[in-house]
Structures are given as structure tokens and as C-alpha cells.
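Heads up, the thing below is written out as C-alpha cells.
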Amino acid sequence: MIRCSSAIFRNLSLVSIVMRFVWPEYYAIYSRPNLKVLRVERGANNEEEYMNYIWVLRLLKRSFGVERVADVDIIVWAIAKREETHAEFFRILAEQLPENLTPGELILCLHENPLKIAQVYLRKGDYKTSGFWASQAFEIYLKDEYRRLTGYPIRRDPKKGELEDIIDQLSKTPEYDGWRDYLPSLRWRRNKAIHPDDEFTKVDGEALIDGAGKLKQKVEAAKNRKVFRSK
């Protein structure tokens, strides 16, 4: 429909204006400032770029709590004109469209959630960087579980590496009895991720992200049980 309309009007901006007023629930005005602030992926032609833009706006409807794509269009236009609102907008993008952020903005907005950063880089096909961030998440959740289950601060066994020692200690607890082989396999992938010369594949990234995610679920479940008991 957009291509046919463009062939008639021979102006995509005019077509987008018509679409926005006829179907404001689904369409918006083709706007260069909005495309720039959203980092919309360039299409093979203007029509494809416009559809990429519409797709992004439709995803953001829930974030802004509105029902019409046209309303998101207005909000993004206002943000594009006011630089002081950009930081808050990037935080929204980090939750809904993190791939649209630059690496610096991605880390700034999601530094407290390294697992999500790992997932973004995995989707981008940058498996080594994905593995680095998944390794950060793996270490954080592993150490959280060690402190929770042993009640002791992280110790350093001179005969072992820190993570190897933590894994050995966790494997002795009833909660991780079934993880005796699984945790060392995750540590092996983590080592592949952080050593520059080791190859780290998509399979490695998916496995490490999945393992870190399972650890995260255990950490959060334990915290929720503690809160419930305290109430």
C-alpha cells in the first residue's frame, strides 16, 4: 500500500502524512529528526526505511503508555527537539530497542544488567563481546550464591582460581548437587570468552547466557523467599 501510494504521490513524506491522519493507530509522519534520534535502520529504499521506522514506533507504544503510533511520533519529535530529554529516552530504548543504542550508550544504560548487554551483542553476531558480558553476569551471580549459601566472604585458595574454588564450594551444597558438571562447563566457556586468543562461538554465547540466566533466577528466587519470610 505504501509503495503504491508513493507511486501515485511521488513523495513519501506526503504519503506518510496521509497515512498518519487516516490510520493514526498504525502510522506516523516520515520525519528525519525522529529517524535520527531513534537510529532507525536504513532500508534498501525510502519505503523500506519508513516501514522500519513504523515498526520501531509500534514497539514503543507500550513504553509510552499510548494507543496510537501517531502519539509516539509526537513524543519522539518533542524529544528530538530537546536534548535534555535524550538520556531518559535512551533508558527507554535500552529496555525496548537496545540494539538502537551505540555501545557507549548501551553500557551506560544497562551496566547493572550485563546479561542483557550480552544478549544484545549475541543478536548482533558479536559473540566475543557477548561472551565478555555474559562472563561478567556469570561471576556476579556465582559470587552472590556463594555468599548466600556459605555465609562467608569470597576467599582465595592459593591452589585454585577464585571461580574454581567458588564452584567447588557450591557443588557441596544441596542446592547445587545437580550442578557439579554444569558449573565447571560454564566456567570453561567463561575462560574462552575472556581470553583474547580463544575462539568463542554463537553456541558458546548461548550456553553461557543460558547458564548465567539460570543462576540469576536462583539468586532472585532466594531474595524473594527472604522478603516473603521477613513479611
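The values are calculated or read from the model by the stated rules, or taken from the named source; none is laboratory data. Keep in mind that this is a model prediction, so the values were computed, not measured. In this analysis, Cβ positions are derived from the backbone assuming ideal geometry, glycine residues included, and neighbour counts consider all displayed protein chains.
Residues of the range 22-42 that are without any contact (Cβ under 8 Å) to a residue 24 or more places away in the chain and over 17 Å from Cys4 (Cβ atoms): Arg32, Leu35, Glu41, Arg42. Of the residues making up the range 182-207, just one is farther than 23 Å from Asp165 by Cβ and aliphatic (A, V, I, L, M), namely Val203.
Matching residues to (1) in contact with a helix residue (DSSP H, G or I) (Cβ under 8 Å, 6 or more places away or on another chain); (2) more than 14 Å from Val37 (Cβ to Cβ):
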position	(1), (2)
Arg58	yes, yes
Lys61	yes, yes
Val69	yes, yes
Ile74	no, no
Ala80	yes, no
Leu101	yes, no
Glu112	no, yes
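Determine if the range 23-45 includes at least one residue that is over 28 Å from Thr102 (Cβ atoms) and not in a loop (DSSP other than H, G, I, E, B). Within the range 23-45 (the criterion being over 28 Å from Thr102 (Cβ atoms) and not in a loop (DSSP other than H, G, I, E, B)), the answer is no, since none of the residues qualifies. Within the range 95-120, residues that are assigned by TED's automatic domain parsing to the domain that holds Arg62 and in contact (Cβ under 8 Å) with a residue 40 or more places away in the chain reach partners that are part of a loop (DSSP other than H, G, I, E, B) and of a type outside the set (A, V, I, L, M) with beta carbons closer than 7 Å, at six or more positions or on different chains, in the pairs Asn100/Arg39.
State yes or no: is Leu115 under 30 Å from Tyr27 (Cα atoms) and surrounded by 14 or more Cβ atoms within 10 Å (Cβ to Cβ)? When the stated conditions are applied, Leu115 does not pass them.
This table checks each residue for (1) more than 24 Å from Phe200 (Cβ to Cβ); (2) within 12 Å of the chain's Cα centre (by Cα); (3) at pLDDT 85 or above.
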site: Asn52; (1), (2), (3): yes, no, yes
site: Val56; (1), (2), (3): yes, no, yes
site: Leu59; (1), (2), (3): yes, no, no
site: Ala70; (1), (2), (3): yes, no, yes
site: Leu115; (1), (2), (3): no, yes, yes
site: Tyr121; (1), (2), (3): no, yes, yes
site: Gly125; (1), (2), (3): no, no, yes
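Taking first residues from the range 76-87 that are touching a residue at least 24 places away in the same chain (Cβ under 8 Å) and surrounded by 14 or more Cβ atoms within 10 Å (Cβ to Cβ) and partners that are basic (Lys, Arg) and assigned to a helix (DSSP H, G or I), the Cβ contacts under 9 Å between residues at least 6 apart in sequence or on separate chains come to Ala80/Lys36.
Look through the range 1-40, keep the residues that are of a type in the set (S, T, N, Q) and under 27 Å from the mean Cα position of the chain (by Cα), and return whichever of them is nearest to Gly65 (Cα to Cα). That would be Asn34. Test Glu67 against the criterion of being of a type outside the set (S, T, N, Q), outside any helix (DSSP H, G or I) and in contact (Cβ under 8 Å) with a residue 40 or more places away in the chain, and give yes or no. The answer is yes for Glu67.
Quick one: which residue in Lys81, Lys36, Lys61 is under 28 Å from Thr129 (Cα atoms) and of a type in the set (Lys, Arg)?
Answer to the selection: Lys36.
Looking across the range 132-143 at every residue that is touching a residue at least 60 places away in the same chain (Cβ under 8 Å) and of a type outside the set (Ser, Thr, Tyr), the one that is surrounded by the most Cβ atoms within 10 Å (Cβ to Cβ) is identified as Ala134.
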